[in-house]
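Structure record follows, encoded as structure tokens.
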Amino acid sequence: MQAFFDKFTKKYSNTGGWLDRGFRYIVNYTQKGDILVDYDKILERLPGLLLPWYGQGHRQLPWRADREPYHIWLSEVMLQQTRVEAVRDYYTRFLAALPDIPALAGCDDDTLHKLWEGLGYYSRARNLKKAAQVIVERWGGEFPETYEDVLSLPGIGAYTAGAICSIAYDLPTPAVDGNVLRVTSRLLDDPAPIDLPETKKRVGEALGKVYPKQAGDFSQALIELGATVCGPNRAPDCGRCPCREICLGYQNGTARQLPVKAPKRQRREEDRTVLILSCGGRYALEKRPQRGLLAGLWQFPNTQGHLDTAQALAYAQALGLRPREVRREIFRKHIFTHIQWNMKGVYLEVGETAGSFCWFTAEQIRRQAALPTAFRQFWEEERDV
Ligand code: ADE
């Protein structure tokens with residue numbers, strides 16, 4: 001048996017886990033001896049353990065107050081890559097400004113960007129609006145009710161479609177995000193790297209088979225467990241876990257080491273110089289191109305490389321400005337998914353509001369211009385001066 005196990009685990013860890021092999025029964029070796037484990041049976045027990053636990057108490061979050069598909073959709077899109085605490089206020093503010101799908105479909109881009117300012121990943125907001133326009137054109141503003149139709153919308157992938165359809169309509173469509181993958185990885189003592197699409201797909205298929213009638217609560221309960229008891233970047237709180245009795249990670253003592261993640265690709269680093277140009281209380285802003293990184297958002301004029309003071313002054317002159325005084329220079333970093341900007345901010349007072357810029361007052365920046373965090377950090381420094 002030991003020889004079989006060694007051979008199996010070698011194969012198993014090379015290929016990415018039990019789901020990959022299609023084994024219904026595999027041998028799971030423990031210190032007490034060899035035992036047979038049926039993974040489907042473990043997953044089948046999840047709803048019975050998780051639903052009562054979720055019912056007894058969970059975080060009261062604004063998007064859990066109702067099951068309106070528009071609300072669920074908005075919250076799920078905001079919650080991608082973003083913490084619950086950061087999303088709360090954005091969610092409430094967004095719905096107050098754009099209370100329904102036709103309002104979202106018809107809003108102007110500056111309003112949309114302003115509502116999203118600081119949340120990052122702005123293509124999420126642009127896709128929301130695009131999808132709202134499709135919903136108005138194709139379904140008269142009523143959110144579609146089948147998984148396939150929901151999945152066909154811009155910006156909606158398998159996770160979001162699964163979350164919306166299970167939470168809004170109680171359809172048995174799993175919503176497999178990082179939280180849920182962490183839970184299943186530990187529950188099944190599964191070494192498959194959770195950031196591989198194959199892992200996500202297989203976990204989704206396996207979970208889909210055990211979805212209960214209360215599909216929405218089950219999706220939320222899985223997310224809740226992964227966010228609270230079985231949380232990221234820390235040891236799981238197994239003492240409080242409703243699934244401890246079926247959890248292989250707990251029983252085998254491996255939960256702390258799981259989930260496994262594939263090695264990350266290195267981020268490209270780029271030096272940039274940002275000019276915070278002021279002229280009697282007005283500031284130069286320009287719009288970024290409509291495609292690419294931070295598309296269509298406002299920015300302070302900036303250029304590649306780190307310019308020294310003399311070069312920054314020459315650059316401002318080349319932009320058609322008459323620089324008067326370098327007020328300050330600071331360094332800041334901003335990390336995107338694939339790039340890191342090492343940014344030097346040069347605060348320059350200039351003689352007139354010239355050049356091809358929009359010269360905004362502080363109040364206009366506050367009310368109208370969506371400045372992404374990469375640039376906003378220089379603006380916040382300016383407000384503190
Ligand atoms: N993260 C993703 N979806 C969520 C939800 N519905 N509630 C809390 N956190 C989440």
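Every read-out reported here was derived from the displayed coordinates using simple, explicitly stated rules and does not represent laboratory data. The structure presented is a predicted model; accordingly, all values stated were derived computationally and were not measured. Every residue, glycine as well, gets a Cβ built from its backbone with ideal geometry; the counts of neighbours run over all protein chains shown.
Just a few scattered comments:
- Taking 0.36 nm per residue of separation and subtracting the Cα-Cα distance, full extension of the segment from residue 146 to residue 265 would add 39.2 nm.
- The calculated 222 nm mean residue ellipticity attributable to helices in the chain amounts to -13500 deg cm²/dmol, summing -39500 (n - 2.57) over DSSP H runs of n ≥ 4 and dividing by all residues.
- Paramagnetic reach from residue 234 (point 7 Å along Cα→Cβ, amide N under 11 Å) across segment 71-97: none
- Amide hydrogen proximity for residue 277: with H placed 1.01 Å from N in the peptide plane, the residues at 5 or more positions away or on another chain lying under 5 Å are 284, 348.
- Pairwise FRET efficiency - residue 44 versus residue 331, Cβ, R0 = 45 Å, nearest 0.05: 0.25
- Rounded to 5, percent antiparallel among DSSP beta bridges of the chain: 70 percent
- Degrees between helix 197-208 axis and first principal axis of the chain (Cα, 0 to 90, nearest 10): 50 degrees
- Computed from the C-beta positions of residue 322 and residue 361 and an R0 of 22 Å, the FRET efficiency is 0.60 to the nearest 0.05.
- A Cβ-based charge dipole, computed about the Cα centre of the chain with Lys and Arg at +1 and Asp and Glu at -1, lands at about 920 debye.
- Over 20 Å (Cα to Cα) - which of 201/261; 129/200; 130/200; 130/333; 264/287 fall in this group: 129/200; 130/200; 130/333; 264/287
- Residues 349, 380 arranged by fewest to most Cβ contacts within 10 Å: 380, 349
- Take every Cα pair under 8 Å whose residues are at least 6 apart in sequence, average their separation, divide by the length of the chain, and the relative contact order is 15 percent.
- Residues with amide H under 5 Å from that of residue 189, placed H, sequence gap 5 or more: 248, 249
- If you plug the beta carbon distance of residue 352 and residue 81 into 1/(1 + (r/R0)^6) with R0 = 45 Å, you get a FRET efficiency near 0.60.
- Cα lying deepest toward the dipole's positive end in the chain, options 316, 78, 172, charges on Cβ: 316
- In this structure the amide hydrogen of residue 345, modeled in the peptide plane, comes within under 5 Å of the amide hydrogens of 274, 330, 331, 332, none closer than 5 places in sequence on its chain.
- Between residue 93 and residue 205, the modelled labels are 4.3 nm apart [label points 7 Å from Cα along Cα→Cβ].
- Centre separation in Å (Cα based) which lies between segment 174-235 and segment 129-167: 22 Å
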